[in-house]
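Derivation of every value follows stated rules applied to the coordinates shown; laboratory data play no part. Owing to the predicted nature of the structure, the values given are computational and were not obtained by experimental measurement. Using ideal geometry, Cβ is built from the backbone for each residue, glycine included, and neighbour counts are taken over all protein chains shown.
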Amino acid sequence: MRSRFTDEDAEQAAQLLAFAMRPRLLPSRDNTYKELLRRFRHDGPFQTLTTRIATGLGLTVLGEHEDIGLALAAVGGSPFETKMESYARRTQRDGGYAERFLHGIIHLAIAAVCFPRPDDLADDEYVGRVNIDVVDATVREACDRLREKAAAEEKLTDVPSDAPELEWAWHVYANRPESFPTKDERRAPSTTKGMVSRALKFLAEQGFLAPVKSAGDDVFATTRRYQLQVRELAATSAFQELLALGVVPPVAQAAHPVTTERTAKAPADAETAEVVAEDV
């Protein structure tokens, strides 16, 4: 096993990470990226070097595939971390705790709707679909279940500060309007559907979701990159608690306008996902 690396090795490892931090760039579109990814896959010491550099930068290597390249995630405290406070401020709100909490619940719900079963999350060929109405309806149903749970346990209307986060969700989300009462039911940034719309578009910009034009506006399909991210999220108690409520739409449930599906091959990126989703 090689014990020393050259300056060129370090430069190539850093270059591979730079490629990976552009989620919409694919190895199939850049020969240098393709060659570096191939080296990462087959050269153990180079893989170790790349992973260690990533760790030093506050990044975790989630996995790699020739279709999506190298998938990275930022750890807490990393300069590359997207903090919920900053994300919330993009919606022109104050980014306070309640606002951050709402955005967090929405992203949690999107992941749960996209991958409602453990088998779906483990299957590399699984492709989920999601839209604004399904996510908003899922969170509001969760709010109803949690309100009923609180009432059954004879809890006060003001949820105690030590209550689990999801038991506080109904208190915040349920009191936020889903849309403004206008003729076009516009999705202002401060409404829940406006926030869901922002979340879906953000995930699409990051290469995690892909728009499905043939299915109408605001319909998105999951990508392999997003599946890797959600596998990390699935270990959290909040994700498991949300699934345990039984409010996530089952696969192929006709009552919902958008359901999850299986395809012959999971989409590798936004453009591929759109094509695959349109064909199923």
Original post:
Spin-label point model (7 Å from Cα, Cβ direction): what's the Ala238 to Ala151 distance in nm?
Top reply: 2.6
Subject >> Amide N of the stretch 13-36 lying under 17 Å from the label point, which is placed 7 angstrom from the Cα of Phe202 along Cα→Cβ >> reply: 23
**OP:** Apply 1/(1 + (r/R0)^6) to the Cβ-Cβ distance of Ser28 and Phe5, taking R0 = 22 Å, and write down the FRET efficiency to the nearest 0.05.
**Re:** 0.20
